[in-house]
1. Residues in segment 123-139 that are modelled with pLDDT under 95 and either among the aliphatic types (A, V, I, L, M) or assigned to a strand (DSSP E or B) (or both): how many?
2. Sort out which residues of segment 150-199 are in contact with a helix residue (DSSP H, G or I) (Cβ under 6 Å, 6 or more places away or on another chain) and β-branched (V, I, T), and write them in order of number.
3. For segment 210-219, check the following and say yes or no: at least one residue is surrounded by 13 or more Cβ atoms within 10 Å (Cβ to Cβ) and in a loop (DSSP other than H, G, I, E, B).
4. If the requirement is being on the phi > 0 side of the Ramachandran plot, at pLDDT 90 or above and either surrounded by fewer than 14 Cβ atoms within 10 Å (Cβ to Cβ) or among the charged types (D, E, K, R) (or both), which of these qualifies: G66, G91?
5. Have a look at V210, V214 and point out the one that is under 25 Å from F168 (Cβ atoms), in contact with a Ser or Thr (Cβ under 8 Å, 6 or more places away or on another chain) and not acidic (D, E).
6. Residues of segment 167-186 being in a strand (DSSP E or B) and among the hydrophobic types (A, V, I, L, M, F, W, C), which ones?
7. Exactly one condition in (1) assigned to a loop (DSSP other than H, G, I, E, B); (2) under 25 Å from T15 (Cα atoms); (3) of a type in the set (S, T, N, Q) is false for S193; which is it?
8. Looking at M44 and the list (1) out of contact with any Phe, Trp or Tyr (no Cβ under 8 Å at 6 or more places or on another chain); (2) over 21 Å from V214 (Cβ atoms); (3) surrounded by fewer than 18 Cβ atoms within 10 Å (Cβ to Cβ); (4) free of Cβ contacts under 8 Å to residues at least 60 places away in the same chain, which single condition is not satisfied?
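The values are calculated or read from the model by the stated rules, or taken from the named source; none is laboratory data. Please read these numbers as outputs of a predicted model, since none were measured by experiment. Ideal geometry is used to build each Cβ from the backbone, glycine not excepted, and the neighbour counts take in all protein chains shown.
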Amino acid sequence: MPQSHGRFVWHDLSTPNPEAAQSFYTRIAHWETQPSELSDDYVMWTNNDEPLGGVTALSDEQKAAGAQPHWLPYVCVYDVDACSRQVKTLGGEVRFGPHEVPTVGCWSVISDPFGATIGLFEPQGKAPGTQGQPRRGEFSWHALMTTDSKAAGDFYRARFGWEKTSEFDMGDAGMYHMYGKNGRPFAGVFNRSPEMPAPSWSSYIRVDEVKKVVGDVRKLGGTVMREPHEVPGGDWIAVCKDPQGVEFALHTTSL
């Protein structure tokens, strides 16, 4: 099984206004954009010339299915077809695919037993991203808000080979369970409260200083949902929405 199996490697943004989204995120995350050679409707995000995701218009098919504008993270797997079949045996659903893209790889979109959606990606060549600590502009953390954090964690551990690295008590909010590989955590799972949205994944962009960047978010027409605050370990995070209403998060690491 490849070392990259189970690692978050790609992030797609589906939005009603791709041009406005490009203007916003290139200033917030200091990304660049690059046209896709395979589709005129897809533009790639790059960070220091390395592709890390893409942006496209929310399709009519997605709208008809009730999909809202969203970020979708993809996890690298060794065999999309086999993994998609196994998702069903573990209580999840395959929402789309598997679908093969020539010279790129194969992908599918699944949902876990509690309804949170995530992508699977089997690259044809080397998996995108790095094995080490995320750099500025890269996606450095992922958090799952769900209805049963233990069962959801078991689902992803079985599917992606994740290890439980630690946990901490959030008081009335319950336990926050952290998962990763080779001793490096990269995802957290916690139970949603009744007033929170449906189960979903949130992706965190590493920035130099969260407090400064939330000011830029507001200036550019975005919204700050949760103000910058320190989390156990000394990192700082904030939760925001872009001008099109898509949620994303910011992360400054103490390392």
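1. Of the residues in that region, 2 qualify.
2. The initial filter retains those residues of segment 150-199 that are in contact with a helix residue (DSSP H, G or I) (Cβ under 6 Å, 6 or more places away or on another chain), namely 162, 177, 189-191.
Across segment 150-199, the qualifying residue is only V189.
3. The answer is no; no qualifying residue exists.
4. On the way: G66 fails: at pLDDT 90 or above.
Exactly one residue qualifies, and that residue is G91.
5. Numbers: V214 fails: in contact with a Ser or Thr (Cβ under 8 Å, 6 or more places away or on another chain).
The unique qualifying residue is V210.
6. Within segment 167-186, the first condition is being in a strand (DSSP E or B), and the residues that meet it are 167-169, 175-181, 184-186.
Scanning segment 167-186 gives F168, M175, M178, F186.
7. Condition not satisfied by S193: (2).
8. (3)
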